[in-house]
Amino acid sequence: MKQKCALLSALVLVMVFVSLGAAFAAEKKIVVGFAQIGAESDWRVANTKSIQDACAAAGIELRFVDGQQKQENQIKALRDFITQGVDVIGFSPVVESGWDEVIEEINDAGIPLILSDRTTDIEGTDYYATWMGSNFIDEGEKAGNWLAGYLERQGRGKDEINIVELQGTVGSGPALDRKKGFENIIAKHSNLKITQSQTGDFTRDLGRTVMESFLKKGEKIDVLYAHNDDMALGAIQAIKEAGLKPGKDIIIVGVDAVKGAFEAIAAGEMNCTVECSPLLGPQFVDAVKKLVAGETLPKITYSVEYVYDETNAKEELPKRQY
Ligand code: GZL
């Protein structure tokens, strides 16, 4: 009899501990450290909001650092996350190179790493759990193909066309690959030439300043290809101040598909924007939860994206979230 009571009380004790453990596990908040690039563009602001909103909705504690477009700030934030022992680290690298050391420290600490939006030049894919974002070469090719088709439709398919290019942040994945993708297409059309190309660092102000310098050269400019809409919108100001009609005297192609680009296209001041979705928050939270649950994720997940111009921008504008 006594043995039965002892067994029963041991069983009850075990059940109490198990349920306490489960309750604790259920209670323990997931803590994520996210080292963001900065707030350089409407795209980035929307990207940050998407991640913050999704983490808040999921009850995830987000420790968010704005790197102000400086690599050293992001590296410091990543090291702080390691010291804090967060559950998962998220990160969008401002440039491709210079991350080897800190990434090794993250791997040595055994903290899963999610790469969001941008890429690094580190060999292989073992150093991160998953990458989510856009195919930047594809975006450059979409821009080039749209331009070639538009010129054809305008009866200018054989004209000598001078293109000026506003590049994104020097050394960043989107700047390198959007240039590469666009040039893949330009190479197929001998009448299309990039005559001037300079970085505008993805910002509106610099886009405007560099466009002013392009215009001051006095060379014929038929097209502006900007690696993001913010630089295109800044350049539109410079084109107007030079007494020219943006969207007419100079064809303008951007990337991101931010609201300002839709408004400019609807006003006839811009011609095309290639979508690059910043709304990665829900995908990011889904990946965090799966990693914490011990699941393995696909190494790459591309966003589904479209091209907008005067044929569809007006109708799409009211639906835009960023
Ligand atoms: C692209 C993203 C780029 C945007 C810019 O995924 O990294 O950075 O195109 C932003 O607007 O600054």
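The values are calculated or read from the model by the stated rules, or taken from the named source; none is laboratory data. It should be emphasised that the depicted structure is a prediction, and the values quoted were computed from it without experimental measurement. Quick reminder, even Gly has a Cβ in these numbers, built from the backbone with ideal geometry, and neighbours come from all protein chains shown.
Give region 297-317 a look and list any residue that's in contact (Cβ under 8 Å) with a residue 60 or more places away in the chain and not aromatic (F, W, Y), or say none.
Start the filter on region 297-317 by keeping residues that are in contact (Cβ under 8 Å) with a residue 60 or more places away in the chain, which leaves 297-303, 305, 307, 309.
Matches in region 297-317: L297, P298, K299, I300, T301, S303, E305, V307, D309.
Does A232 fit the bill of being within 30 Å of T120 (Cβ to Cβ) and either at pLDDT below 95 or not assigned by TED's automatic domain parsing to the domain that holds K179 (or both)? Walk me through it before giving the result.
Working: within 30 Å of T120 (Cβ to Cβ): yes; either at pLDDT below 95 or not assigned by TED's automatic domain parsing to the domain that holds K179 (or both): no.
Answer is no for this residue.
Against the list (1) of a type outside the set (G, A, S); (2) more than 15 Å from the ligand (Cβ to nearest atom); (3) part of a loop (DSSP other than H, G, I, E, B), the condition T169 fails is (2).
Looking only at region 188-227, filter to residues that are closer than 14 Å to W43 by Cβ and touching a Leu at 6+ places or on another chain (Cβ under 8 Å); which one of those is nearest to the ligand (Cβ to nearest atom)?
If we filter region 188-227 for residues that are closer than 14 Å to W43 by Cβ, which is where we start, we get 200-204, 207, 226-227.
If we keep only those that are touching a Leu at 6+ places or on another chain (Cβ under 8 Å) as well, we get 200, 204, 207, 226-227.
Numbers: G200: 10, R204: 10, G207: 11, A226: 10, H227: 7 Å.
So the residue we want is H227.
Checked against (1) assigned to a helix (DSSP H, G or I); (2) within 16 Å of the ligand (Cβ to nearest atom); (3) of a type outside the set (F, W, Y), V95 meets all criteria but (1). Looking across region 172-187 at every residue that is charged (D, E, K, R) and within 12 Å of the ligand (Cβ to nearest atom), the one that is surrounded by the fewest Cβ atoms within 10 Å (Cβ to Cβ) is identified as D177. For region 204-235, residues that are touching a strand residue (DSSP E or B) at 6+ places or on another chain (Cβ under 8 Å), in a helix (DSSP H, G or I) and surrounded by fewer than 22 Cβ atoms within 10 Å (Cβ to Cβ) total 2.
Mind checking whether some residue in region 32-44 is acidic (D, E) and within 14 Å of the ligand (Cβ to nearest atom)? Within region 32-44, one or more residues are acidic (D, E) and within 14 Å of the ligand (Cβ to nearest atom).
State yes or no: is A267 more than 15 Å from the ligand (Cβ to nearest atom) and surrounded by fewer than 16 Cβ atoms within 10 Å (Cβ to Cβ)? Taking the combined requirement at face value, the residue satisfies it. Total residues in region 111-166 satisfying the condition of being assigned to a strand (DSSP E or B), away from the ligand (no atom under 12 Å from the Cβ) and under 30 Å from G218 (Cα atoms): the figure is 5.
Among the numbered conditions (1) away from the ligand (no atom under 16 Å from the Cβ); (2) surrounded by fewer than 24 Cβ atoms within 10 Å (Cβ to Cβ), the only one that P246 does not meet is (2).
On inspection, K76 does not qualify as within 16 Å of the ligand (Cβ to nearest atom), outside any loop (DSSP other than H, G, I, E, B) and at pLDDT 95 or above.
Which residue is surrounded by the fewest Cβ atoms within 10 Å (Cβ to Cβ), if the candidates are limited to region 271-297 and must be closer than 30 Å to E212 by Cβ and within 15 Å of the ligand (Cβ to nearest atom)? So that I can check it myself, show each step before the final result.
First pass over region 271-297, keeping only residues closer than 30 Å to E212 by Cβ: 271-276, 278.
Imposing the further condition that a residue be within 15 Å of the ligand (Cβ to nearest atom) reduces the set to 272-276, 278.
Working: C272: 27, T273: 29, V274: 30, E275: 20, C276: 26, P278: 26.
So, considering only residues that are closer than 30 Å to E212 by Cβ and within 15 Å of the ligand (Cβ to nearest atom), the one surrounded by the fewest Cβ atoms within 10 Å (Cβ to Cβ) is E275.
Which one of the conditions (1) without any contact (Cβ under 8 Å) to a residue 40 or more places away in the chain; (2) within 14 Å of the ligand (Cβ to nearest atom); (3) touching a Pro at 6+ places or on another chain (Cβ under 7 Å) does N47 fail to meet, given that it meets all the rest? Of the numbered conditions (1) without any contact (Cβ under 8 Å) to a residue 40 or more places away in the chain; (2) within 14 Å of the ligand (Cβ to nearest atom); (3) touching a Pro at 6+ places or on another chain (Cβ under 7 Å), the odd one out for N47 is (1). Inspect all residues belonging to region 179-199 and state whether any of them is assigned to a strand (DSSP E or B), closer than 29 Å to A35 by Cα and at pLDDT 95 or above. Scanning region 179-199 turns up at least one residue that is assigned to a strand (DSSP E or B), closer than 29 Å to A35 by Cα and at pLDDT 95 or above.
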